[in-house]
1. Residues in segment B:432-483 that are in a helix (DSSP H, G or I), closer than 17 Å to B:M382 by Cβ and in contact with a strand residue (DSSP E or B) (Cβ under 9 Å, 6 or more places away or on another chain): how many?
2. Quick one: is B:V377 in a helix (DSSP H, G or I), of a type outside the set (S, T, Y) and surrounded by 23 or more Cβ atoms within 10 Å (Cβ to Cβ)?
3. Residues that are under 27 Å from A:K344 (Cα atoms): find the strands (runs of 3 or more DSSP E) completely inside segment A:60-138 holding 3 or more of those.
4. Considering (1) among the acidic types (D, E); (2) within 12 Å of another protein chain (Cβ to nearest Cβ); (3) outside any strand (DSSP E or B), say which one B:E564 fails and leave the rest.
5. Is segment B:499-508 home to any residue that is of a type outside the set (K, R), under 30 Å from A:A533 (Cβ atoms), more than 14 Å from chain A (Cβ to nearest Cβ) and part of a helix (DSSP H, G or I)?
6. Taking the condition of being in contact (Cβ under 8 Å) with a residue 12 or more places away in the chain and over 15 Å from B:P428 (Cβ atoms), how many residues in segment B:479-494 meet it?
7. Out of all the residues in segment A:529-551, which are touching a residue at least 60 places away in the same chain (Cβ under 8 Å) and closer than 17 Å to B:R546 by Cα?
Amino acid sequence: MNDGPLIVQSDQTLLLETAHPEAERCRSDIAPFAELERSPEHVHTYRVTPLALWNARAAGHDAEQVVDALLRWSRYPVPQALLINVAETMARYGRLVLEVHPVHGLVMRTTDRAVLEEVVRAKAVAPLLGPRIDPETVSVPGSERGRLKQALLKVGWPAEDRAGYVDGASYPIVVQGPEAFSLRTYQKEAVEAFGAAGSGVVVLPCGAGKTLVGIGAMAAAGAHALVLVTNTVAARQWRAELLGRTHLRDAEVGEYSGEKKDVRPVTIATYQILTARRGGLYPHMELLSAEDWGLIIYDEVHLLPAPVFRMTADIQSRRRLGLTATLVREDGREGDVFSLIGPKRYDAPWRDIEAQGWIAPALCTEVRVTLTDEERMSYALAENEERYRVGATARSKLAVVERLCAEAVERGEPVLVIGQYLDQLDEIGRRLSAPVLTGKTTTRERERLFGAFRRGEIPVLVVSKVANFSVDLPEASVAVQVSGTFGSRQEEAQRLGRVLRPKKDGRQARFFAVVSRDTNDQEFASRRQRFLAEQGYSYRITDAEAFAWPV
Amino acid sequence: MMPFFTHPTEPPEPWLEALMASTSDDLGLLLRARPDLALSSPKDLAALAGMMVSPASAGMFFEGANRASQQVLEALCALPAPATTNSLAGALGCRPEDLSAPLESLRRVGMVLYRGGNELTVNPGLALARDWPCHLGPPLAKLLGQRSNSELARIARRLGLSGNGNKEDLLRRLTKAISDRELLASLLRQAPPGAAELVENAAHVWPQYHITYGVAAVSGRDAHPVGWCLQRGLLIGTDFSTAVMPREAAIALRGGRLFPSFSLYPPQLLTTPVDQDETDGEAAHIALDLVKAVSALCEAWSSVPARLLQAGGVGAREVRRAAKLLARQEEVTARLIELAGTAGLVAPDETLGWAAPTAEYDAWKGLSSVEQWVELVSAWLMAPGHTSVAGSKDEDGKAVPPLAERTPGPNAVMQRVLAIDVLAEAGPGRRADLESVAQVADWRRPSTWQLEEASPAELVHWILEEAAMLGLCARGASSSFGRAIAGGDTEGAKKLLGGLAPAVVDTVILQADLTATATGEPAPGLRSELDLMADVESSGNATVWRFSEASLRRGFDAGRKAEEIQGFLADHAPGGVPQALSYLVDDLGRRYGRARVGKASSYVRCEDPVLLAEVVKDRRLAPLRLRPLAPAVAVSERPPQELCGALAKAGYLPASETADGTLAVTRPSAIRAPSSLARGRQTGAAEPSPRDDDWNPVSALLEQLQDLKEPGETDEELLAEILDDPDLLSDVTGLPAEVAKLVVMMAATDAPTTEQDLDALVERLRSTPVPRGKADPVTPGLAKRADMQPEYPPLFRDTRAG
């Protein structure tokens, strides 16, 4: 027994005491094989999952290193069952290898015949295999490479993919720019980690410059590249970055969206257009195989829609980079990301990056508004399905929002008001004389408003859900959330991402959530609180009556 | 009333003289080796000598002796007097000089006496107690002593001897003949079919032969194997249907050796190396995990007790439920339940038809994990039966239900002690071969393993499986704390386990995500308070709780006030209380009890008319049919609990109030079964709660015996009957026979129990004059022989061969 910073629990969680002098060394040892689940101020929780262990195995760590790290840093005896589980789970990865055979093309080979016999008999696997070549090798139709990996992961024998990648049509991309542009250390590390592997996911928090990692990877690949993003605004954003940060010209960067269908050496497409259906088919999916892409980038990979997964299974010989702030998918399809995009290649906890000064620390405050008697009555009388709406859109909130905005404007800080219900947002816009940006707003108008907001011409901007994804608003140092959809974790990550972009003057970002007391709005707020606190952000709750601007 | 010392035989002179000649050290050794002698507090050496040679006391020593000592003593009982070291060595098949040390040990504990140099006498009490030593029948002279001369002559002639002479001559001649191996061999060559087999069996297995239709019916028939033997004195009829082989014939047929094998030393314990630190780590984890599992089980049963089967015990469905809760296999769970029952933490309540935690569990709950473990281990050690019976499959292939009544095994305690002792003796860093543990344990105390259906190897296997479940051993080796337990050093075990266990902490780390983390074993007070106010999210080496509105509400329900909770948190969180948590507590405190629900009349009272109106009109509460009674009161026809629950579900935070308008403090009441003392009567388990200092083994035993009283019998009659029969005594008490006897003895006297008491007794015995006229107690033959090794350790605690 030693005095280590780590406590290993029998439920496969690891508790890391951050104040311990050895905490950082321990963290770098355990991060490869354990997923950071919560990182509040004092004790971080990691979880050892099969996927995390396989991620580690894919990154070249072996069970001995994992067991060694646990024993070295653990303060108390490590549960034997956990150690055995680690060794057994990790031993499952790589028993099966996908590689290219000089005669038979793509094959699956094993060092353990029993495993091969087991999987060739598995119902989910058998249809994906070709004829048997010898007792240790079975041929695999090239088209099934991705689906086979998916199926093998499901039966618990994840395959190591060593079949390599096609280089794609060569197209040099040189990073340059008006500002002295250079990648930050962690961005460089992420690009290198990805480059060595050829496919996989880089996990970085919002605002940590995932776009730049993508551009770095494109430059390293030096080939035709396809970037898949969540929506048109994000596509324009990527385009602007590409033009600004590389020598690429306007004509070299194409946009493939609902409005334009340009295919160029670097093409940016939205998930929306790819998944648009016509007569039960996905006509635009062909884009994925239309060009000899050397690199495909999946932005916000945690939002990757299921049809794109299916298509991705068909293009396993292309280099693939997933970018995301979180591997957690609300639909639990983390395994598909592992199989089809690739294992995690780089990960840095938000707080660590913040400590390096790249993200402004955010102060989170929940302001509780007491409803009027009338509002309470209408809440009590509401039907179940209406209840949240009634609580979240209570008019009592408006005065608080007004006050918050007025205070922020007075301090010269641009404010973003975020909400779900359009009536409420319109009302706020009217009262604050601020423009309201919704799904109905045209792309041009949207860009105009964002530009004006960026230039400081508009101090307050009211946005609906559409603003949630991949929009860069560098000067929004204050965000006020008035209503939101059922506190999903992703959404919270996005909302906070709005205000976490680096500020030029190092100002602190502020995030306010205005919540109706004693309603289920408050319940959802408690989930948000948990998520943010787990991410390590200070979280305060205050009554609207007692509210004072946080310092 | 006390049969073991109420009728001491008149002490034979030589034994008394030996006692009078012995030193204080010798006397002390005798009394320690045979505690029954000390417990009865003899008034003088004569009384001591009398008890020393009583069959009960000598028999008790024999029962507890190891195989070598038993074989030496039995051989002495079997050999014709006067036995010598040489004749003994011949009968055992060893060199005479090998026997000097063991004989000296037996001499010092009053089992053997030297007379006139080499002549050996065995304790006459033992000779009485073991009247068929080595599975041998009585000597020929004894069997035929009452027969007519003509009958003896007839047998002699059949053996080719002269039939002349008086009875003494005839008996001597016959004895000599049937002791003659060659003669017997030549006889057997002419025997009719079946006779050789019969003789073989009588010589080696058991000397008696049973003929249902009467010995006389075959006695004249030379062609019948039994008749043939009877005519030649190889079997001698003793009653209508029984014939016995004379001792001398059996010895001769065994080739002069009384036992197939004899060894002065126990079998070698086979060991292999193992990493002790890893063993300890694993065992510690198992030990502490077990404690947690037992707690979890008791907590679960506190709210939903396990239903009992009609035939008693906890059925398969309940075991499955518990197994799911504890994430363990059903078989393991059944044992765990049985163990909790053995420790008195849960008990069946036949009247209510369920099993639930006892009041003893509440006391146990307040202990630290390490202490809780020690309680479980102590209970296991003293359990009258094997806990692994629960969950195992019976003859019909059905799982044996835990907590059912079972016949206790009188030897289970001793078997357990032997098994973990021997395993521990493998030494640190050594794992022992299971088979060899069984062999050593069997050698050390053969009586403990006889009369069991299962072999010692099987029994040891079960016992060590149970021990592994407790963390006394892991990977086939004793854990360091398991070794301490085996050595009787409970405090040492606590320290060792405590050193491996997470440190006991009285503080937690509170974080803004509303968790509290104790980075070690939470102190009992801290744990119970946090369990009340938060939900455990992860447990193991550390414990993580999560606060929520619902969990904190439990605290308020239990009567905590917001300031108290704040104070408690501040006191135990050196890192400070996060604002969000502090806000939550205060906010709840403000709102808690705003709506109050009455028990008696089922009303809702609320000082806030708007809130009340809201409550009354709330659609979700429609089924309650609340009617506003006054501006601040509404009533319902539904029971108050339902009302309160519905309001709480709707988020109104109602508080229950008493008739006089104050808040009623309710804490979820935990269900309790009658404590195990009452249950002991049903199962025969008289084991005390080990932390009850006032427990009196005697009164507990007597209490049990009282319960056995048949109608019409008086207590004394029944008691006397039971106490006169050691086997019956051990059966009804579920204690090993020896322990039961000791307990009974302690009842009658002011038994000396401490070392000082013993020393005082030795002094008193040496200074009290023996009331008789003999002048010089020291006769030359009784003096210690010069060639003895006085420092040889007593045999009942053997060292292995060097």
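The values are calculated or read from the model by the stated rules, or taken from the named source; none is laboratory data. Since we're looking at a predicted model, the values are computed, not measured. With ideal geometry, Cβ positions are generated from the backbone for all residues, glycine too; neighbour counts draw on all protein chains shown.
1. 2
2. yes
3. Those strands (runs of 3 or more DSSP E) span A:96-101, A:105-110.
4. (2)
5. No, every residue in segment B:499-508 fails to be of a type outside the set (K, R), under 30 Å from A:A533 (Cβ atoms), more than 14 Å from chain A (Cβ to nearest Cβ) and part of a helix (DSSP H, G or I).
6. Residues that pass the stated criteria total 2.
7. Of everything in segment A:529-551, those that are touching a residue at least 60 places away in the same chain (Cβ under 8 Å) and closer than 17 Å to B:R546 by Cα turn out to be A:Q529, A:L532, A:A533, A:E534, A:Q535, A:G536, A:Y539.
The rows are residues; the columns are (1) modelled with pLDDT under 90; (2) surrounded by fewer than 17 Cβ atoms within 10 Å (Cβ to Cβ).
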residue	(1), (2)
A:D11	yes, yes
A:E41	yes, no
A:Y76	yes, no
A:M90	no, no
